[in-house]
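Participant: Please read through the structure below; I'll follow up with questions.
Every number here is computed from the coordinates shown, using simple stated rules; none is lab data. Everything quoted here is computed from the prediction, not taken from an experiment. Note: ideal-geometry Cβ built from the backbone for every residue, glycine included; neighbour counts use all protein chains shown.
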Amino acid sequence: MKTILSLLALAFPFFCSCQQQKADFQSLPVENFSDLIANPEVQLLDVRTVAEYSEGHIPGSININVLDEANFLPMAEEMLQKDKPVALYCRSGKRSKKAAEILSKKGFKVTELDSGINGWRSAGKEIKQ
């Protein structure tokens, strides 16, 4: 009996670790991010609030607010395709890292803009109002 319990105790962490994937995403500076989103296969996601999005966003992006914890993942799973890469951004990079972690754990291939839209603006890149 002790042997069985010992084996179960050793195997338990293995089974628990298999249930959820580790977050795996890439952070890119503005120029590399710009090159990435030039690919029409890349899904561009703005994870800021609706108000922030309406003040200006990267052309071609869709908006899903990562701070809306109850709806962010269900909306992302409905609107995004897991077989296509996702490039996402926020204002400064903090929320996009959170969103990238959430999505990558669910099997999305994610890249985030490390400096957010603030860095994008500073680099003179296009913003749509």
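A quick yes/no check of all residues on (1) within 16 Å of ASP68 (Cα to Cα); (2) touching a residue at least 12 places away in the same chain (Cβ under 8 Å); (3) part of a helix (DSSP H, G or I):
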position: ALA87; (1), (2), (3): no, yes, no
position: SER96; (1), (2), (3): yes, yes, yes
position: ALA99; (1), (2), (3): yes, yes, yes
position: LEU103; (1), (2), (3): yes, yes, yes
position: PHE108; (1), (2), (3): no, yes, no
position: THR111; (1), (2), (3): no, yes, no
position: GLY119; (1), (2), (3): no, yes, yes
position: GLY124; (1), (2), (3): no, no, no
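Participant: Which condition from (1) part of a loop (DSSP other than H, G, I, E, B); (2) in contact with a Phe, Trp or Tyr (Cβ under 6 Å, 6 or more places away or on another chain) is the one that ASP83 breaks?
Facilitator: Among (1) part of a loop (DSSP other than H, G, I, E, B); (2) in contact with a Phe, Trp or Tyr (Cβ under 6 Å, 6 or more places away or on another chain), ASP83 violates only (2).
Participant: Okay, next question. Condition first: in contact (Cβ under 8 Å) with a residue 40 or more places away in the chain and under 20 Å from PRO29 (Cβ atoms). Can you find one or more residues in region 70-85 that meet it?
Facilitator: yes
Participant: Going by the conditions given, is SER92 under 15 Å from PHE25 (Cα atoms) and either more than 11 Å from the chain's Cα centre (by Cα) or not hydrophobic (A, V, I, L, M, F, W, C) (or both)? Walk me through how you get there before you give the answer.
Facilitator: On the way: under 15 Å from PHE25 (Cα atoms): no; either more than 11 Å from the chain's Cα centre (by Cα) or not hydrophobic (A, V, I, L, M, F, W, C) (or both): yes.
So SER92 fails the test.
Participant: Further, regarding this structure: Which members of region 31-51 meet the condition of being crowded, with 16+ Cβ neighbours inside 10 Å, among the polar types (S, T, N, Q) and not in a helix (DSSP H, G or I)? Give the derivation first.
Facilitator: Just the residues of region 31-51 that are crowded, with 16+ Cβ neighbours inside 10 Å, to begin with: 33-34, 36-37, 42-49.
In the following step, the residues that additionally are among the polar types (S, T, N, Q) were identified as 34, 43, 49.
Hits for region 31-51 are GLN43, THR49.
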